[in-house]
1. For the charge dipole of the chain, defined by +1 on Lys and Arg C-beta atoms and -1 on Asp and Glu C-beta atoms about the Cα centroid, which residue among GLN35, LEU19, ALA46 has the Cα displaced farthest towards the positive pole?
2. Using a probe radius of 1.4 Å on heavy atoms only, what accessible surface per residue do you get for the chain? Whole Å² is fine.
3. Dipole magnitude of the chain about its Cα centre, charges +1 at Lys/Arg Cβ and -1 at Asp/Glu Cβ only, in debye to the nearest 20?
4. Taking log10 I(q)/I(0) by the Debye sum over Cα atoms at q = 0.14, 0.21 Å⁻¹ straight from the coordinates, which label in (i) -0.49, -0.88; (ii) -0.41, -0.68; (iii) -0.36, -0.73 is the correct one?
5. Which residues in the range 3-28 place their backbone N less than 12 Å from a point set 7 Å from the Cα of HIS48 along the Cα-to-Cβ direction?
6. With a 1.4 Å probe and every protein chain kept in, tell me what percent of the accessible surface of the chain is carbon plus sulfur.
Amino acid sequence: MDAFTAGLLQRIKATESDLSRARDEGDDFLVEVEQGELDDLRRLAAEHGVEVGAHSA
């Protein structure tokens, strides 16, 4: 696995965790921000053929 792929997968994992935390805390604004970030990261992964797997927050 190259550095780009590893870094991207790590960012996705961290963002999923942040999104989950925001949901648990009831922070609707932060949920929107984190969901947008996660959508962007997943799109970037798809554009570069990076398999994200079954991660879901």
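The values are calculated or read from the model by the stated rules, or taken from the named source; none is laboratory data. Given the structure is predicted, the values throughout are model-derived calculations rather than measurements. Positions of Cβ are backbone-derived with ideal geometry, glycine not excepted, and every protein chain shown enters the neighbour counts. The area values use the complete protein model at the heavy-atom level, side chains included, leaving out ligands, DNA and RNA. Shrake-Rupley method; radii C 1.70, N 1.55, O 1.52, S 1.80 Å.
1. In the chain, that residue is ALA46.
2. With the other protein chains kept in place, the chain gives 68 Å² per residue.
3. That gives a dipole near 240 debye.
4. Only one option fits the structure, namely (iii).
5. Under cut-off, by backbone N: 3-12.
6. Answer for the chain: carbon and sulfur cover 50 percent of the accessible area.
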